[in-house]
Amino acid sequence: MDFESNNWVWEGMYYYPRLFGGIMLTAALLGLSTSYFGGISVPTLLYPFPYLSIFYKKKHEKKRVRVYMDGCFDLMHYGHANALRQAKALGDELVVGVVSDEEIIATKGPPVLCMEERLALVSGLKWVDEVISSAPYAITEDFMNHLFNEYKIDYIIHGDDPCLLPDGTDAYALAKKAGRYKQIKRTEGVSSTDIVGRILSASKSGDSPQDCSNSTPVGEADDIKNKFGAEKQAKGGQMSHFLPTSRRIVQFSNGKGPAPNSRVVYIDGAFDLFHAGHVEILKSARQHGDFLLVGIYPDQTVSELRGHQYPLMNLYERSLGVLACRYVDEVIIGAPWEVTQDMITTFNISLVVHGTVSESNFSTEGGQDPYAVPKSMGIFQVIESPKDITTSSVAQRIIANHEIYVKRNTKKAASEKKYYAERKYVSGD
């Protein structure tokens with residue numbers, strides 16, 4: 001063993017001379033050579049003195065940094081996912097607090113998604129290590145101490161956008177005062193307010209999303225953005241500021257392909273307005289193989305299948321939402337409607353699966369079955385969808401409470417407009 005590896009021994013002799021003197025005397029009495037301290041391996045020395053390992057551990061064990069971030073995470077989108085990705089980069093383990101339904105109602109109005117659905121979405125993100133349900137909206141001193149003492153949290157994380165309590169005070173003032181606060185950069189281009197605005201705009205235009213019983217998740221048509229433009233401002237929404245970059249896609253990607261002998265499972269769909277139903281069906285699909293490949297339909301395909309008011313989110317927004325899911329290994333951005341022999345060969349697909357709850361209509365393309373090829377090859381399987389949630393059913397919740405969300409969005413849209421007008425460049429990713 002080289003000097004570098006034995007350095008802890010010499011430090012122990014320097015700082016604890018009496019202890020090591022006793023050890024050497026004992027070693028001599030036992031007939032052991034003092035050459036232990038020159039070249040013999042440390043584990044041999046530690047057999048008669050196992051408690052000495054504390055010196056080595058104290059010097060070489062690095063404490064894992066645990067960080068905490070909370071939120072409502074209602075209508076989960078890639079902005080939420082990117083915030084949690086950045087938070088995880090500030091530590092080793094990320095603990096996420098999901099605010100309770102009751103606290104959201106008291107501070108912001110009724111959430112679109114219930115606690116169970118929001119927990120499923122947050123737990124399904126690849127960067128999340130632990131989840132705290134029913135977290136308080138405000139970081140009180142008691143809760144902050146609970147995080148520090150019970151969950152061993154080192155830092156509390158939040159975005160660079162202000163988060164104010166109803167009384168106008170900073171929700172993270174205590175964490176900042178304690179010197180245990182770190183900040184990340186807000187993800188531009190999307191917000192829950194914006195998404196609600198898109199749905200309300202579709203409702204106002206007379207194209208209210210209808211709940212369907214058979215098909216995959218949905219996305220966003222290019223022409224709908226133009227149609228929604230003027231109406232979104234009236235409804236409290238706003239045009240998307242999303243600017244897709246290759247760097248963001250790389251940040252969300254696993255960066256690894258399947259191993260040569262991996263069992264590649266393929267599932268496709270629109271995956272619009274990413275929800276708990278998507279998380280659960282992707283989890284089920286992943287259990288059928290070693291590598292999950294997800295095909296995401298282009299905006300035009302979704303629009304043709306579902307109507308011009310769809311998709312609610314464009315192809316790149318939907319792709320990031322799917323990539324953030326811990327069960328997904330790779331995505332095809334703009335996958336074809338039909339699963340072809342060439343696709344199966346190119347991606348070495350072993351199994352093609354489809355859920356029992358879906359919003360795509362197979363008969364739309366002139367009665368063509370998109371899964372005809374994998375069926376003929378005996379590699380197609382229908383799997384039970386764990387949840388019956390669809391993009392349309394989520395949209396219907398907003399439409400059913402139309403007045404409440406219009407009022408809430410009007411207020412939120414004003415603050416977001418002010419944010420975009422006053423914002424300055426903040427470094428970070």
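Quick notes
- Inter-residue pairs, beta-carbon under 9 Å, first closer than 22 Å to Tyr316 by Cβ and in the range 285-303, second of a type in the set (Lys, Arg), 6+ apart: Leu292/Arg286; Ile296/Arg318; Tyr297/Arg318; Asp299/Arg318; Val302/Arg318
- Sole exception among (1) in a helix (DSSP H, G or I); (2) in contact with a helix residue (DSSP H, G or I) (Cβ under 8 Å, 6 or more places away or on another chain); (3) farther than 21 Å from Phe73 by Cα for Glu304, by number: (2)
- Residue match in the range 232-250 (condition: at pLDDT 70 or above, among the small types (Gly, Ala, Ser) and not assigned by the TED database to the domain that holds Gly334): yes
- Residue list for the range 111-135, filter: touching a Cys at 6+ places or on another chain (Cβ under 8 Å) and open to solvent by 30 Å² or more (accessible area, probe 1.4 Å): Lys126
- Matching residues in the range 129-160 - criterion: being of a type in the set (D, E, K, R) and under 18 Å from Val96 (Cβ atoms): Asp129, Glu130, Glu150, Lys152, Asp154
- Top-ranked residue of the range 287-301 - restricted to ones that are out of contact with any helix residue (DSSP H, G or I) (no Cβ under 6 Å at 6 or more places or on another chain) and in a helix (DSSP H, G or I), ranked as least open to solvent (accessible area, probe 1.4 Å): Thr301
- Matching option when the condition is closer than 24 Å to Asp272 by Cα and at pLDDT below 85, among Ile404, Ile383, Ile398: Ile404
Here's the yes/no breakdown for (1) at pLDDT 95 or above; (2) buried (at least 17 other Cβ atoms within 10 Å of the Cβ):
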site: Asn314; (1), (2): no, yes
site: Glu317; (1), (2): no, yes
site: Asp329; (1), (2): yes, yes
site: Glu338; (1), (2): yes, no
site: Phe347; (1), (2): yes, yes
site: Val353; (1), (2): yes, yes
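- Among the residues of the range 99-110, not one is open to solvent by 20 Å² or more (accessible area, probe 1.4 Å) and on the phi > 0 side of the Ramachandran plot.
The values are calculated or read from the model by the stated rules, or taken from the named source; none is laboratory data. Bear in mind the structure is a predicted one, so any value in this text is a computation, not a measurement. Neighbour counts run over all protein chains shown; Cβ positions are idealised from the backbone, glycine included. Keep in mind that these areas ignore ligands, DNA and RNA; they rest on the heavy atoms of the full protein, side chains included. Shrake-Rupley method; radii C 1.70, N 1.55, O 1.52, S 1.80 Å.
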